[in-house]
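Working notes, structure below.
Derivation of every value follows stated rules applied to the coordinates shown; laboratory data play no part. Predicted, not measured: the structure shown is a model, and the values here were computed from it. Because the Cβ atoms are built from the backbone with ideal geometry, glycine has one as well, and the counts that use them run over all protein chains shown.
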């Protein structure tokens, strides 16, 4: 039996094509992936991300625990501040990539839907092994979460919620209430390469909240329209953002993934020793962007070749709606990861030229 988010009725009313995603029935698309992608880049879209895990931590040893399981040093993180981080296993592989936020009284950790149960089990074991005193509360199914993304989103939402959203810097957040009844936490963050916010609200008032926050989404000229997982994937790929299960796995380390900025090797955390060695020796492979000649798409698992010999593998690929180019991310041998290097993608026996390019593929105008 698939789980439903608090916005399930909204998805049905909007004519969404629903699919199984990590045990949740989620909208793949409403109109078309291309239309929803362009709507996000030009105006604004609302994405249901309620399936993502939301864990709360508080208590005496919460900071000690989080510093042990996260790659970022969160000791000096201030209330109202969020940070991207990773949870690693003992060998330095990535168990998940997360956003950790410090609220006034507790910490909020947002993780991927497919990894929530794995992380809860891992965190419970660490707490037991180290005999740490803190509270962990899984708030996922008691709350709802939406992402509003696009160049016109901030202006639209700023006129609705009683928070100075325009004053929030990226990776800052604020909590508040609307008319004393709609409690919310709003984050200036997202996963599309556009400006925007992510909002957590109580599940029981989600239906009312979505109309308030996004407005009349079914109007042809609506500023904000619903978008599904399909457009979310093409948008994040253009923005060069990793997706767990593709660019990040338990056998891929964050340094090879180009995420060294989110790893503090000066502190002790689970997996730090293997990562210090990788840093000292240099990663054997690196995540790169590829631009392919022609219109064919290199999907996950496509071999990457140099002079006919395999030197890597594609992790994600698509035809970029914004750039009108076939793009992909891939891990290749570090010696051949230099920008401008010409490689090839093996598309079912056809070697298609693929040039190494700088990530991200797309960057919004500031």
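Of note:
- Here the spin labels are modelled as points 7 Å beyond Cα on the Cα-Cβ line, and at residue 355 and residue 158 they lie 3.8 nm apart.
- Kirkwood Rh and Cα Rg combined as Rg over Rh, evaluated for region 1-150: 1.02
- Convex hull per residue volume in Å³, alpha carbons only, for region 23-94: 174
- Two-decimal ratio, region 239-366, of alpha-carbon radius of gyration to 2.2 N^0.38 Å: 1.09
- Rg [Å, one decimal], Dmax [Å, integer] - region 72-171, C-alpha atoms: 16.2, 48
- Sequence ranges 174-182, 356-364, ranked by mean other-Cβ count within 10 angstrom, highest first: 356-364, 174-182
- Label-point separation in nm, residue 219 to residue 273, each point 7 Å along Cα→Cβ: 6.2
- Size of region 286-360: Rg and Dmax of its alpha carbons, in Å, are 10.7, 32.
- All Cα-Cα distances of the chain, cut into 20 Å bins from zero to the largest, leave 28, 58, 14, 0 percent in each bin in turn.
- Residue 171 paired with residue 132, simple spin-label distance in nm, labels 7 Å along Cα-to-beta-carbon: 2.0
- Between region 45-82 and region 291-363, the Cα center-to-center distance that results, in Å: 34
- Per-residue [θ]222 nm for the chain (sum of -39500 (n - 2.57) over DSSP H runs n ≥ 4, rounded to 500): -6000 deg cm²/dmol
- Sorted peptide list for 128-136, 208-216, 57-65, 193-201, criterion being average Cβ within 10 angstrom, highest first: 193-201, 208-216, 57-65, 128-136
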